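To keep things clear, I will list the structure first and then write my remarks on it.
The values are calculated or read from the model by the stated rules, or taken from the named source; none is laboratory data. Bear in mind the structure is a predicted one, so any value in this text is a computation, not a measurement. FYI the Cβ positions are ideal-geometry reconstructions off the backbone, even for glycines, and counts take in every protein chain you see. Just so you know, the surface numbers come from the protein's heavy atoms only, side chains and all, with ligands and any DNA or RNA stripped out. Shrake-Rupley method; radii C 1.70, N 1.55, O 1.52, S 1.80 Å.
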There are 2 protein chains.
Amino acid sequence: MGREEPDIPEARLIPEATVARLPLYYRALLQVADQAIDTVSSEQLAELAGVNAAKVRKDLSYLGSYGTRGVGYDVDQLVREVSRELGLTRDWPVAILGLGNLGRALANYRGFSARGFRIVALVDADPAKVGERVGDLTIEPVDGLRAIVDERRVAIGVIATPADSAQAVADRLVAAGVRAILNFAPAVVVVPPEVSLRKVDLATELQILSFYQQHGRRARDGAGV
Amino acid sequence: MGREEPDIPEARLIPEATVARLPLYYRALLQVADQAIDTVSSEQLAELAGVNAAKVRKDLSYLGSYGTRGVGYDVDQLVREVSRELGLTRDWPVAILGLGNLGRALANYRGFSARGFRIVALVDADPAKVGERVGDLTIEPVDGLRAIVDERRVAIGVIATPADSAQAVADRLVAAGVRAILNFAPAVVVVPPEVSLRKVDLATELQILSFYQQHGRRARDGAGV
DNA sequence: AGACGCTTGTGACCGCGTGCACAAGCGCGG
DNA sequence: CCGCGCTTGTGCACGCGGTCACAAGCGTCT
């Protein structure tokens, strides 16, 4: 696995596995905060996040020492700390590329905006779709992508196109200056080293499940490359 | 990480990380087969699947020795072997639970049926939705779930409900005999040990991306718990 | 003030997964 | 029939991640 140079002054480099769990803790913390509870133990958080308590403590210790021995963690402080770390205090304008079934669902999905990711543009290559309204946005042509990204400060591109357009769209996004991409298309997409890329493939998930069913084994939660 | 008893006679237990990559190889192999190419090297497969060649060889070696030194892998044979291993030669009837935006998109998504996962039921708790047609299926009430699972041999349940209904729906699925669940709801779902569970959380993915943007680091492909 | 209970933070160990590098082996050409 | 080139299959070493178990430390009660 490629290690990166320690070009960040930050002393404590948070492990990738921990980063992947921070959103779980964040969700759990919001639940707790909702109940007006002001202190949680690693045990309780572990329960809510569906992980092991020791892991919770070690993960949180990478953020700094925000717990009190004998007491637990201050919920408000931890929420602030985790959301700061996850970058949720900033604004991350999102563009959705490709408005087939999946793209439309994502455009309407509350889970995005709910957590502070604002969808600011819907883009599709099909002229027949351009101009159509979805939610409270209008579908725009791909040619305008660069201008859209510039003007609306698009930070994250979500690819929901068919597999064979995915790479082309990714290239356009990168050319327009987008440095973070979430790919839903069932295709391998290659981006330059400075661009972050994550992928979600629905068919892959089902295939992993069927593998384990077939073999009488049990699939564990995680996903993987 | 929980190890399971070796209750399968199969000598070679395929590592979880390899299982997660088999769908990638499968997709790559289909691409190659489409071009009427009958032999591929691990190098080529690696390129198409977006992984390292050594990893491809090691992964494929878990399935058995289906390559020829100096030549490569026979595409047809490998396609057969991988699909057999993934259980794609069987029928895996899928039920979708919850028909909001996401559920409807999944119901219409071609990526599912394309790879042999047949959607056989759409279920929603909202009486207002029951009876409505989506694609060529009709939304049915949750009360009928057990009967539906029995009659249509549902093997995989896809949860696309709001977070607060996810656990209840999962419990019903398990009670009805479903042993594999794919959860799209942003909630922790607990199931008995004999049930496979994987999760996909869209908001989590975005949060991971924003973390890396925030820190000037680069997110790698994988996902994780 | 001192002791006790509870919870954090972390040192240590262990196992999986990764990548390198090479030996084994197949096929072709001379 | 022998040698050469190419590609697989794998032994090995290393590092990340997970878990245990315990010391450190806070608060409370007597």
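Could you estimate the translational diffusion coefficient of the protein assembly as shown from the Stokes-Einstein equation, with Rh from the Kirkwood formula over C-alpha pairs, at 4 °C and 1.567 mPa s, in whole µm²/s?
Values: Rh = 23.1 Å.
This corresponds to a translational diffusion coefficient of 56 µm²/s.
At 222 nm, what helix-only mean residue ellipticity would chain A give, in deg cm²/dmol to the nearest 500, using -39500 (n - 2.57) for each DSSP H run of four or more? Each step should come with its number before you reach the end.
On the way: 9 runs with 98 residues, N = 225.
Computed ellipticity for chain A at 222 nm equals -13000 deg cm²/dmol.
The simple spin-label model puts a point 7 Å past each Cα toward its Cβ; for A:ARG220 and B:TYR66 those points are separated by 2.6 nm.
Take B:ASP221, move 7 Å from Cα toward the beta carbon, and the resulting point lies 2.4 nm from the same point in each other copy, nearest first. Only protein heavy atoms count here; on that basis, with a 1.4 Å probe, A:THR89 has an accessible area of about 100 Å². Taking Cα centre as origin and charging only the Cβ of basic (Lys, Arg, +1) and acidic (Asp, Glu, -1) residues, the dipole magnitude of the range A:135-214 rounds to 220 debye. Listed by chain and number, the lysines placed with their C-alpha closer than 25 angstrom to that of B:LYS58 are A:LYS199; residues fewer than eight positions away on the same chain are left out. Of the solvent-accessible surface of the protein assembly as shown, computed with a 1.4 Å probe over protein heavy atoms with every protein chain present, carbon and sulfur atoms account for 48 percent.
The other copies place their A:GLY135 label points at 2.3 nm from this one, listed shortest first, where each point is 7 Å from Cα along Cα→Cβ.
Could you tell me the calculated FRET efficiency between B:ALA54 and B:SER113, based on Cβ-Cβ distance and R0 = 51 angstrom, to the nearest 0.05? So the FRET efficiency works out to roughly 0.90.
I'd like the antiparallel share, as a percent to the nearest 5, of DSSP beta bridges with both residues in the range A:94-196.
Details: 2 of 17 bridges.
Given both bridge residues lie in the range A:94-196, the antiparallel proportion sits at roughly 10 percent.
Note on chain A: the C-alpha convex hull projects to 15.2 nm² when averaged across all orientations.
Just the number, please: buried accessible area between B and A, total of both chains, 1.4 angstrom probe, nearest 100 square angstrom.
Details: alone 14220 and 14220 Å², together 20640 Å².
When B and A are taken together, about 7800 Å² of accessible area is lost.
Apply 1/(1 + (r/R0)^6) to the Cβ-Cβ distance of A:ALA175 and B:SER41, taking R0 = 30 Å, and write down the FRET efficiency to the nearest 0.05.
Details: r = 32 Å, r/R0 = 1.06.
Result of the calculation: an efficiency of 0.40.
At 0.36 nm per residue, and after removing the present C-alpha to C-alpha distance, how many nm does the segment from B:LEU137 to B:ASP74 gain when stretched out fully? Could you put the intermediate results ahead of the total?
Working: separation 63, 0.36 × 63 = 22.68 nm, distance 3.97 nm.
Value of the extension gain: 18.7 nm.
Straight-line cross-link partners of A:LYS55 among the aspartates and glutamates, defined as a Cα under 16 Å from its Cα and at least 8 positions apart when in the same chain: A:GLU16, A:GLU43, A:GLU47, A:ASP221.
Along each principal axis, taking the top coordinate minus the bottom one, the Cα set of the range B:42-150 gives 62, 27, 19 Å in descending order. For A:SER113, the distances from its label point to the matching points in the remaining copies are 3.1 nm, ordered from shortest, with each point set 7 Å beyond Cα toward Cβ. Farthest toward the positive end of the dipole of the range B:94-204, out of B:VAL149, B:GLY111, B:GLY131, is the Cα of B:GLY111, where the dipole comes from beta carbon charges about the Cα centre.
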